[in-house]
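Step one of this worksheet: look at the structure below.
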Amino acid sequence: MRQKLVIFGGGSSAHTLIPLLDDSDFDVSVLTSKPECWNDVVSLEYQNATGEIINTFSGRLTKASKIQKK
C-alpha cells in the first residue's frame, strides 16, 4: 500500500526531493502558493561544475494544491 507524502512549499528543496522519491512507495503532493506552475512530472538535472549534465532524474507528482492563507 502506497503512503501519502505532502511537501509544504514549492521551492528548490521540493524540486530536488520529488524526483528522488520516484522509486519510493510514496504518492507525493505539494502545497504551494502557485500550484498552476507545477507539472505532473518534475525533472532534476545533476550537473558538474562546468554545467555538463551528468544525469537526469524525474518524479511523478500526485497533486499540487494551493496553500490556504488565514
Name the residue from Ser58, Asn39, Gly9 whose Cα lies farthest towards the positive end of the charge dipole of the chain, charges +1 on Cβ of Lys and Arg and -1 on Cβ of Asp and Glu. Gly9
Which value at 222 nm does the chain reach when only helices count, each DSSP H run of 4 or more adding -39,500 (n - 2.57), with the total divided by all residues and rounded to the nearest 500 deg cm²/dmol? -3500 deg cm²/dmol
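Any number yet on Rg/Rh for the chain, C-alpha, Kirkwood? Could the numbers behind the result be given before it?
On the way: Rg = 13.1 Å, Rh = 12.8 Å.
With Rg and the Kirkwood Rh in hand, the quotient comes to 1.03.
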Integer Hz, Karplus 6.51/-1.76/1.60 couplings in order for region 21-32, x for Gly and Pro: 8, 4, 8, 8, 9, 10, 8, 9, 10, 10, 9, 8
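Just flag the GluC sites (Glu not before Pro) in region 1-59 sitting in loop per DSSP whose Cβ has no more than 16 other Cβ atoms within 10 Å.
Numbers: sites: Glu36, Glu45, Glu52; in loops: Glu52.
Listed in order of number, the matching sites are Glu52.
Rule-based calculations on the coordinates, nothing more; no lab input. What you are looking at is a predicted structure, and each value in this text was computed from that prediction instead of being measured. As a convention, Cβ positions derive from the backbone with ideal geometry for all residues, glycine included, and neighbour counts pool all protein chains shown.
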